[in-house]
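Each remark here refers to the structure printed beneath this line.
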Amino acid sequence: MDKKMINEKSKEEQLEKFHEDPEREFLTTNQGVRVNNTDISLKAGERGPTLLEDFHFREKLTHFDHERIPERVVHARGSGAHGFFQVYEPMTEYTSAKFLQDPNKKTPVFVRFSTVVGFRGSADTVRDVRGFAVKFYTEDGNYDLVGNNMPVFFIQDAIKFPDLVHAIKPEQDNQIPQASAAHDTFWDFVSCHHENAHMIMWVLSDRALPRSYRMMEGFGVNTFRFVNAEGKGRFIKFHWKPMLGIHSLVWDETQKIAGKDPDFNRRDLWDAIEMGAYPEFELGVQILEEEDEFKFDFDILDPTKLWPEEDVPIKWIGKMTLDRNPDNFFAETEQVAFCPANVVPGIDFSNDPLLQGRLFSYLDTQLIRLGGPNFQEIPVNRALAPVANNQREGYNRMTINKGKTSYFPNTVGDGKPRPASAEEGGYVHYMEKVEGKIIRSRSEKFKDFFSQAKLFWNSMSQPEKEHIIEAFHFEIGKVKDKKIRQAVVDMFNNVDGDLAVEIAKGVGVSAPAQKGGSPVAKESPNLSQERSERNVKNTIKTRKIAIIVADGYDHKDLSQVMQALEAGGARADIISKFQGMLKSSDGQEIEVDKNYRTTESVLYDAVYIPGGKENVETLKKHGDAIHFVNEAFRHCKPLGATGEGVELFKAAHLPDIKLAGKSSADKVVSDKGVVTARNEGDRSSFNESFTIAIAQHRHWNREKKEQVPA
Ligand code: HDD
């Protein structure tokens, strides 16, 4: 393909050539022979043995027997999407990367979001880091930005990666537990490696429980380089900012979702794209001049450290839009192969020791996972830039290389293909000066394990701190070996003494003999989801609202709230005891989307109960309806009720919540995310208050949430 012709449709057009025609009428063998019967194998007599000459039977079974490939050793479970990226302004001053120059250019991308620890079939909503890998199909070749939703990593050196992964995966004797860090071997590893401290704070925070892949930040984690056309290099860190804000689930909820809908995040991404609510993320970079490399009290090559935004601001340079679901999960999402070593001119590496190891590991793992060295010919992995070299043969080679030569230099093939000069777009590695003795060591600043863990802790809001303590109680509470539990408490005493005391309280070991803690007093508010200026709280777009209804509901009530929700871009489901049609008090009908058996409050962002006397009298007798309200309340979700619907909240005994009374004095009452209105004239202000409450996402100020029976 001509380099200049790449646009947002180019990848789709390239993939089109590999599509099977779904309109095809007849079933055939792999040789294209029409099959006459695919249900009964060929036998010697009606009750006789199957014949070897049944080539269709043999082919069908053989293919099936070989359908599985090894799953990724980490990040096995994921979901992909196609889209495009557009830069806001030319980045020429910093980088020569062509896809970062022209604001009119739309570069196709493929993104795969993932969990890390769980196997391919595990649940989406486990406590874990999320992968955020982006393949840009640029005119200079493929560029892969293989990041996570947390800006730091567990370990400082790639040589420890196998140990980390062995420790966190299910234990080797019994393969327990699935997709969870809450077990002895992981916490044993953590307490033996204090460099984990900062990352553990992130993993035990709400960041590990994203409400949606569309509502989480992304980070390149490692330090990279931008290099401009003059060869000047600068250190950079990459960031992705979700345009819908950064929102999380709560731990109790995630565990229930894992049973009720293990595909929760996968479904959410798929549905949003199908509905046309395309996920969008802004790309940002922190840029650091080389002369500032040693200005900080941490080493900028250390992947367990972030660059505080207060010291190095983020420049937002472009936007990615995901607008197309894959056609085939296996062909695209499963076979896509990312590698941090896939860079284009203008982007280079740093000596970050974790990154250096990553540069090796991805290609290596793909050789085994995708069955040999030709996986870049798999359609989703193919570059849009022309590919020409002397690599030949190997399993599953697709390209038919013409001509006589497969070597360089040559005269037979007119000397082609030949290396390109820098001016011709040849990749020239950054000419960094490197000097040193061969040594197994890291710089002194790598040894400060606790300062940034403390910075993170200081930056959290009070509810976020409580969530972290609860997460420690769960994770460490599951550790059987008391000495490991004690070692974790002692380790986090280096971060914050009060935190260590709080952890100890919940897990049956002693508080540290002497309260310790890092002296760092600084805060960085954007590290907190709640306090971050990037935590958008002014939209209800794509939020899911449960409307619980029975016969005799108030139709006017229900439809005006539904209209307001839909106008804001939210989606509502009508939920009742049975599927089918419900009749309103004035004889109108509405269809039920889900019954109490097929859904649960944990699958929604908010709950609404419309008026109607008969409706509410029936709902009061439905334990499931009361449970819906109580559970949503416990998970701090917005709740709304109008007219007699308010009575259901009364019946649910929401502790210490003020509800609208019948007098005109309290027309619309909004208390800790519970919004109620009794009288008909108050509906439009109800809609406004309910919308604000939903946009808030969660209402953490419900101190007594533990007192509800859910
Ligand atoms: Fe990794 C997959 C992200 C450290 C070795 N990694 C993988 C994926 C993501 C990351 C998002 C899934 C890509 C996909 O969707 O296919 N990994 C990271 C980040 C790291 C990191 C942000 C820290 C900065 N990884 C890391 C290290 C090593 C690896 C230190 C080994 C030395 N990662 C792998 C791997 C995987 C992988 C084994 C498994 C499947 C694959 O590569 O293709 O090679």
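The values are calculated or read from the model by the stated rules, or taken from the named source; none is laboratory data. Since the model is a prediction, treat every value here as computed from it, not as a measurement. Cβ placement follows ideal geometry from the backbone for every residue including glycine, while neighbour counts extend to all protein chains displayed. Just so you know, the surface numbers come from the protein's heavy atoms only, side chains and all, with ligands and any DNA or RNA stripped out. Shrake-Rupley method; radii C 1.70, N 1.55, O 1.52, S 1.80 Å.
Some points to look at:
- Test result for ASP557, surrounded by fewer than 19 Cβ atoms within 10 Å (Cβ to Cβ) and part of a helix (DSSP H, G or I): no
- Residues in segment 353-394 that are within 13 Å of the ligand (Cβ to nearest atom) and assigned to a loop (DSSP other than H, G, I, E, B) were compared, and the one that is nearest to SER441 (Cα to Cα) is LEU370.
- The set of residues from segment 188-230 being of a type in the set (D, E, K, R), away from the ligand (no atom under 16 Å from the Cβ) and more than 19 Å from GLN452 (Cα to Cα) comprises ASP188, ARG211, ARG214, GLU230.
- Qualifying residues in segment 118-133 (those that are among the β-branched types (Val, Ile, Thr) and either within 9 Å of the ligand (Cβ to nearest atom) or open to solvent by 10 Å² or more (accessible area, probe 1.4 Å) (or both)) - the one farthest from the chain's Cα centre (by Cα): VAL126
- Scope segment 314-333; condition out of contact with any helix residue (DSSP H, G or I) (no Cβ under 9 Å at 6 or more places or on another chain) and under 14 Å from LEU370 (Cα atoms); matching residues: PHE330
- Lone qualifier among GLU46, GLU59 - being closer than 30 Å to LEU370 by Cβ and acidic (Asp, Glu): GLU59
- Any hit, segment 100-110, residues being within 16 Å of the ligand (Cβ to nearest atom) and either acidic (Asp, Glu) or under 22 Å from the mean Cα position of the chain (by Cα) (or both): yes
- Exclusive hit being hydrophobic (A, V, I, L, M, F, W, C) and touching a Phe, Trp or Tyr at 6+ places or on another chain (Cβ under 7 Å), set ALA182, ALA229: ALA182
- Pair list, Cβ under 6 Å, 6 or more apart: segment 291-306 residue part of a loop (DSSP other than H, G, I, E, B) and among the aromatic types (Phe, Trp, Tyr), other residue open to solvent by 20 Å² or more (accessible area, probe 1.4 Å) and modelled with pLDDT of 95 or more: PHE298/LYS445
- Condition broken by ILE176, with the remaining ones in (1) crowded, with 21+ Cβ neighbours inside 10 Å; (2) among the hydrophobic types (A, V, I, L, M, F, W, C); (3) in the same structural domain as ARG214 (by the TED database); (4) more than 16 Å from the ligand (Cβ to nearest atom) satisfied: (1)
- Only one of the listed residues (ILE6, ILE69) is closer than 30 Å to THR125 by Cβ, open to solvent by less than 60 Å² (accessible area, probe 1.4 Å) and either outside the structural domain of GLU334 (by the TED database) or free of Cβ contacts under 8 Å to residues at least 60 places away in the same chain (or both). That residue is ILE69.
- Among the residues of segment 304-326, the ones that are in contact with a Ser or Thr (Cβ under 8 Å, 6 or more places away or on another chain) and within 16 Å of the ligand (Cβ to nearest atom) come to 1 in all.
- A Cβ distance below 6 Å, combined with a sequence gap of six or more or placement on separate chains, defines the contacts here; from segment 127-152, residues that are over 23 Å from PHE474 (Cα atoms) reach residues that are at pLDDT below 95 and assigned to a loop (DSSP other than H, G, I, E, B) in the pairs GLU139/ILE6.
- Residue, nearest to VAL536 (Cα to Cα), within segment 222-239, restricted to residues that are open to solvent by less than 10 Å² (accessible area, probe 1.4 Å) and of a type in the set (Val, Ile, Thr): ILE236
- Of the residues making up segment 180-199, those that are surrounded by 24 or more Cβ atoms within 10 Å (Cβ to Cβ) and either touching an Asp or Glu at 6+ places or on another chain (Cβ under 9 Å) or charged (D, E, K, R) (or both) are ALA181, PHE186, TRP187.
- Any hit, segment 394-404, residues being surrounded by 13 or more Cβ atoms within 10 Å (Cβ to Cβ), over 25 Å from PHE136 (Cα atoms) and at pLDDT 95 or above: yes
- Matching residues in segment 235-276 - criterion: being in contact with a strand residue (DSSP E or B) (Cβ under 9 Å, 6 or more places away or on another chain) and either outside the structural domain of ALA123 (by the TED database) or in a loop (DSSP other than H, G, I, E, B) (or both): MET243, LEU244, ILE246, HIS247, LEU249, ASP263, GLY276
- Within segment 327-339, the set of residues being assigned to a helix (DSSP H, G or I) and within 11 Å of the ligand (Cβ to nearest atom) comprises THR333, GLU334.
- Restricting the first member to segment 347-359 and to residues that are closer than 18 Å to SER96 by Cβ, and the second to residues that are within 12 Å of the ligand (Cβ to nearest atom) and in a helix (DSSP H, G or I), the beta-carbon pairs closer than 7 Å and six or more apart or on different chains are PHE349/LEU355; PHE349/LEU359.
- Matching option when the condition is on the phi < 0 side of the Ramachandran plot and open to solvent by 60 Å² or more (accessible area, probe 1.4 Å), among ASP348, ASP323, ASP327, ASP414: ASP327
- Residue check for ASN342: in a helix (DSSP H, G or I) and either more than 16 Å from the ligand (Cβ to nearest atom) or in contact with an Asp or Glu (Cβ under 8 Å, 6 or more places away or on another chain) (or both): no
- Residue among ILE503, ILE468, ILE545 that alone is outside any helix (DSSP H, G or I) and open to solvent by less than 20 Å² (accessible area, probe 1.4 Å): ILE545
- In segment 147-163, residue farthest from the ligand (Cβ to nearest atom) [restricted to those that are open to solvent by less than 10 Å² (accessible area, probe 1.4 Å) and more than 15 Å from HIS239 (Cα to Cα)]: GLN156
- Residue match in segment 478-486 (condition: farther than 18 Å from TRP700 by Cβ, crowded, with 17+ Cβ neighbours inside 10 Å and free of Cβ contacts under 8 Å to residues at least 40 places away in the same chain): yes
- Only one of the listed residues (GLU53, GLU67, GLU93, GLU71) is within 16 Å of the ligand (Cβ to nearest atom), at pLDDT 95 or above and assigned to a loop (DSSP other than H, G, I, E, B). That residue is GLU71.
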